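Trainee: Let me give you the structure first, and then I'll get to my questions.
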Amino acid sequence: MQSMKGTTTGNDMFTEVNLHLDTLGLKWDKLVGVTTNGCPNLTGKNVGLLKRMQDNVTEIDPKQKLVFLHCIIHQEALCKSVLKINHVVDVVTKIVNFIRARALNHRQFVALLEENETEHRDIGYHTAVRWLSLGKMLKKSVWDLREEIQDFCVKKGNGIPQLSDADWIADLGFAVDATALMNELNVKLQCKGLFVHEMYNLVKAFMRKVAASFKPNGGQPSHPLANTEGSRTFS
């Protein structure tokens, strides 16, 4: 793994790749495939890293074609887009920001948790670029502390009506369970020394677990959000 400072254009990354291949004594004619997360500076058809790498390989052997793959872990992270839980995440983000963005609110909320002797003694942030942090925030920061959060917000004159809405609470519960399963898979996929067939088996096992968790009644989803093609939609 190599960190980059400054710009990260396709040319910049190609220079770094070329440098480190030389440092490690690896030959370009031995390269057969590259895995990326699909971002433009990697996959751009004119000056992307993959284009530069293919051009370099072609100069050595015009018949050699590299195999380009999309990172399986990144694809798994993209699955969150089909869950349609923005209406949950947006409210949760609003709650967390109300408590954490103001120092006084944060101190008073922490004091409330200590007074009630709750398992969790603070509420955490969610980082947009880290999918794992969302699941942890939904479970530890909001689901487990939803009663304390509601009491605190009401006392502060900023009640959260969704916390009294049974349908929204059900959606929150679904989001907690779904992200927990995806976090579990993500961590397993990041284990060192895994072969492709082992990662494939982990994904298949995850799919079976999801099917068992959210479709217990004759194949019907146990929650509306589990059926992305259903009549119920969310913005």
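Coordinate-derived values only; no laboratory data. Source: prediction; values computed, not measured. Here the Cβ positions follow ideal geometry from the backbone for every residue, glycine too, while neighbour counts run over all protein chains shown.
Trainee: Placing one identical point scatterer on every Cα of the range 10-70 and ignoring solvent, what is log10 I(q)/I(0) from the Debye formula at q = 0.13, 0.14, 0.15, 0.23 Å⁻¹?
Mentor: -0.30, -0.35, -0.41, -0.99
Trainee: Arranged by the count of other C-beta atoms within 10 angstrom, fewest first, what order do R102, R121 take? Display every interim value, and only then the final one.
Mentor: Details: R102 13, R121 10.
Placing the least packed residue first, the sequence is R121, R102.
Trainee: So what's the gap between the Cα centers of the range 1-33 and the range 151-202, to the nearest angstrom?
Mentor: That distance is 36 Å.
Trainee: A further question on this structure: When the Kirkwood hydrodynamic radius is evaluated over all pairs of different C-alpha atoms of the range 1-123, what value in angstrom, to one decimal, is obtained?
Mentor: Working: mean 1/r = 0.0533 Å⁻¹.
Hydrodynamic radius (Kirkwood, Cα only) of the range 1-123 equals 18.8 Å.
Trainee: Give the order of D177, D29 when sorted by the count of other beta carbons within 10 angstrom, beginning with the fewest.
Mentor: Ascending Cβ contact count within 10 Å gives the list D29, D177.
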